[in-house]
Structure formats: structure tokens, C-alpha cells
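Asks: What follows is a structure written as C-alpha cells; I'll ask about it next.
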Amino acid sequence: MGGYVPAAEGGGGGGRGRCARYPPLSALVVSAIAAFSAVIVLAVIHSAYDDALSRTRTLLGHNLEPTPWHPFPHDKGRPPARAALRCAPSIACLPPLSRPRPSPDTASNASSSLSSAPPGGKPPPRPCPAYFAAIRRDLAPWRRAAGGKGVTRALLDAARQRASMRVTITGGGRRLHVDLYYACVQSRALFTVWSLLQLMRRHPGRVPDVDLMFDCMDRPAVNRTEHGAGDPAAPPPLFRYCTTRDHFDIPFPDWSFWGWPETNIEPWSREFKSIKVGAKATKWVDRVPRAYWKGNPDVASPLRLALLGCNDTNLWRAEIMRQNWTDEANAGYQHSKLSTQCTHSLKYILSCGSMALLIEPQYEDFFSRGLDPRVNHWPVSRGPGMCDSIRDAVDWGNAKPAEAERVGRRGQRLMQDLHMGAVYDYMLHLLTEYAALMDFRPAPPPTAQEACEGSVLCLADDKQRRFLEASAAEPATEEPCVLPPE
């Protein structure tokens, strides 16, 4: 029968040579004076340069310390320091010549434009996928507070304590500013800001003015036990890539939808196609009849460490393999292509078409609310009986291969429907619903820097730039989907 894939919790250049020539004796004094002057001038220039650089913060972490709640190798992979000044927004953020500008009436009210009827001749709006309903559940604490205007400046300031950056969108969705607090690991901040710029490009004039705090690290921070049901105040609003049932963090599409250059994962629109093609290379009946997982267990995850104990194809029907990303990077990722392995994070595993075994997920991505046990994945129990649960799932699939195949195909269909249009629609609805809860007018703080496509591309190295450009959005040709009724 077909194979199974268990999913554990996520996620210089050298100087130039010069020809030496001896000057005539009469020129020695002049040369000495000129050289002395040059030293003074260069010292002044370097002093000014170093001073400017010491005050320059960028999305790649210049002049920023790692987040104190999630330390990481800070200096690894940094670009030359000169990029911090060369890519100043005042230089790079020039108006694009080819960007279509929305009409004033379209940009006047982003919130109402989502619910208005489409112009004649266009297809009717599509209903959003069912998991979009989680947007209102995620924002419920601020809807209940202060008469439906629970996002206050005071709460936003409180969220800063665990935020990597503050993002403001103003001017009817035309301008984006970022106030950077801490460096993000790898290029997450760069790609997250790029995702917002592409949303503005995808839906020009529809993106609302917002002011929000964002943390680009993994673990949720706004604990429900600190802001219980008896607390009349809403919790600090903090956006990040995932949440749990025990936290109020607001999940937002993660950076890898636009590419993850550090692990050679292409933008989602490309990666899903290659995974699906790779999955077709092996027929269902020819797939290995056992569970398979490959990943890095050394990430302070007790679950992943426990999963190593299930590595026995005879006893537990499972093959558990350790992934060393450093070795993979040195080898050019030749042994970790997702299209040939169907491993790593949830969306890539589900894309393969094999029946995914999901170990009682603790963390929730924005789309994982669309998971339905025994419909588009198979649940596996945590705890002492985890290996038994994996074995029982494999035995069930071997006994009922047709049903197991259907579960796998439905999981793949869930990911197929998670195209970039749906990702942008989710972002648009989330920001629109959030903007309606703010009791103040968004405005960038004085310390914020404007970000635009030019400034982001300028900071990126060659590989990052290739991923960014490959994930650039085009203006939508249809209306956004319509949220399910409350």
C-alpha cells in the first residue's frame, strides 16, 4: 500500500592590486602633504560612516540584537555592512513606473470594498474556505472589549515587549513602515515584509490602514492563563506565524510561502507543483508501506526526541531519520529536495498525497484549522503510546489501502486549494477585521523606516533576490473570497 508521512510539531572580496611607481624627488613633499590630508579626510568619512551604520537598522539585522526570548547565531550570513546605507529607503523607495494605481473610490474604504458586490461582467465572489472562520475567533478577545474597539494604543505598546517589529500600513494601503526592535533569525523579517508588500500589490487600494506588532520567532508568547476570562481587559495583540489553544497570538502566513532560501525551499506556488509532480513519480501501490519522518530533533522539542524511539520498521512500522541542516547546506541540499521526499513542515507533507499521520498538533498554522481527523489526515496520540499509535495507523492503512489513499488525496487537495490567491485573501481579511477593532488612527512612529520592494530587494543577496522576485504577486483579476457568516 502507499507510504505514510508522520508530521511532528513545527516548524569578501579581496583588494585590487596596484602598480607601484616611485615619484620624482620634487613631488615627495607634495605627496606627503596630500597623503596626510587624505588620511584626515578618510578618517572623517569612516567616522561618519561608522556612526551612521551604528544607527542603521535593517530587516537583515544590522545594528539589532537577537530576540532575548529566542537566541540564535546572530552574525551568520549577514551581508556587507555597506548594504545598510546603500539600501536606505530614501534611495530605494522610488515610485515604480509600471505599478497600476487604484482609483480613489476603490481605495477610499477597504473594509466596505470586501463586502460590496463585484462590478458587472465579473464572476460572483467565491466563499472563503471554512478555516477562514478562525479569523474572527482569533480576534474575538478584542471584539468583546471596549465595545468592539479593543485594540488600543496601550495594548499595542504592551505587545511590544515580545515583538520583533512594528508594522504600519497607511495612505489607503499604499505605504508600509517598519519599526525594528530585534533581529529575526535568517531572512524571516525580510520575507515577511515582502509578503505584506505583495499583498498591497495583489489587492491595490483594498488593504486597510493598520498598526500592528509582529514577532518573527516560533513560540507563542501571549498566554491565556495571564489574560483569563475574568480579565476585563483584552490581551496585547501580537501577530506571529502560529498559535496554540493556550495562547492569544494571532497566526499569520509564514515567510516560507514566499520562499525559504536558507533551506533551498522555493516559493509555495512553485514548490507545491514540484512536490505534486514528484509524488506522481511513484504509484500508490508501489509506495513503501510504513511511516516515515525526517527532520531535526535537536530543536528543544521533547516530541521530536520521543519520536526517535519509534525508529523500528518491524516493531513500529516507522523509519525516523535525523536531518542535519548544516551538512545539507554544505552539500547544496541535494539530499533534501521536498519534491523527492515529501518531508518537513505540514503543508509540504500534506502535498505529497500519502496519508499524513499527524501527532496531536500543539501549534496551529492559519490553514491547519482546515484539518479534519480521518478525513484529510490520520491522528496519532502523544505520550507513552505514540509508537503504538503510529503502528496501528500503518496497520489500518495496509488493511484498507483504498481508504488510506483517499485520506491522502484529500490532504493533498487541501493544500492544492491553499494557492497563493487564498493566502492573500486570508491576509486581506485578517488585516481588515483587525483594522476594524482599532480605536485610533494608524501612523508610523518617528523611528520607523519606510519599506518598499526596492529597499527589500536591495538588501537581499543574489539567492534571496531570486526567491523574492519569483514570488512577486500580480494584481488580482477577481474579487476576494467572502468570509463565512458569523
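Asks: Full-extension gain between Arg413 and Asp157, please, as 0.36 nm times their residue separation minus the C-alpha to C-alpha distance.
Replies: Values: separation 256, 0.36 × 256 = 92.16 nm, distance 4.09 nm.
This chain segment gains 88.1 nm when fully extended.
Asks: Another one. Carbon and sulfur: what percent of region 168-314's accessible surface (1.4 Å probe)?
Replies: 50
Asks: Given 0.36 nm per residue, what is the gain on full extension from Ala470 to Ala146 after removing their alpha carbon distance, in nm? Don't skip to the answer; put the middle values down first.
Replies: Working: separation 324, 0.36 × 324 = 116.64 nm, distance 4.30 nm.
Length gained between Ala470 and Ala146: 112.3 nm.
Asks: OK, next. Between Lys294 and residues 5 or more places away or on another chain, which pairs have amide H atoms under 5 Å apart, with H built 1.01 Å from N, and which residues are they?
Replies: Met321, His344
Asks: Roughly how many Å² is the accessible area per residue of region 352-486, as a whole number, for a 1.4 Å probe? Before the final figure, lay out each step's value.
Replies: Values: 5610 Å² over 135 residues.
The answer is 42 Å² per residue.
Asks: Under the rule of at least 5 residues apart or a separate chain, name every residue whose amide H is placed under 5 Å from the amide H of Met355.
Replies: Long-range HN contacts for Met355: Val5, Gly408.
Asks: Whole angstrom only: what separates the Cα centroid of region 417-480 from the Cα centroid of region 299-322?
Replies: 38
Asks: May I pose another question? Figure the gain on full extension for Arg126 and Val375 (residue separation times 0.36 nm, minus the Cα-Cα span) and round it to one decimal in nm.
Replies: Values: separation 249, 0.36 × 249 = 89.64 nm, distance 2.34 nm.
That works out to 87.3 nm of additional length.
Asks: Could you give each residue of region 308-319 its phi-based ³J(HN,Hα) in whole Hz, using Karplus coefficients 6.51, -1.76, 1.60 with θ = phi - 60°, and x for Gly or Pro?
Replies: With coefficients 6.51, -1.76 and 1.60, one gets 4, x, 9, 7, 7, 5, 7, 7, 10, 6, 10, 10 Hz.
Asks: Largest first and in whole Å, what are the equivalent-ellipsoid semi-axes of region 433-486 based on the Cα gyration tensor, each being the root of 5 times an eigenvalue?
Replies: Semi-axes from the Cα gyration tensor: 29, 23, 9 Å.
The values are calculated or read from the model by the stated rules, or taken from the named source; none is laboratory data. Small disclaimer: the values here were computed from a predicted structure and weren't measured. For accessibility, only protein heavy atoms count, side chains too; no ligands or nucleic acids. Shrake-Rupley method; radii C 1.70, N 1.55, O 1.52, S 1.80 Å.
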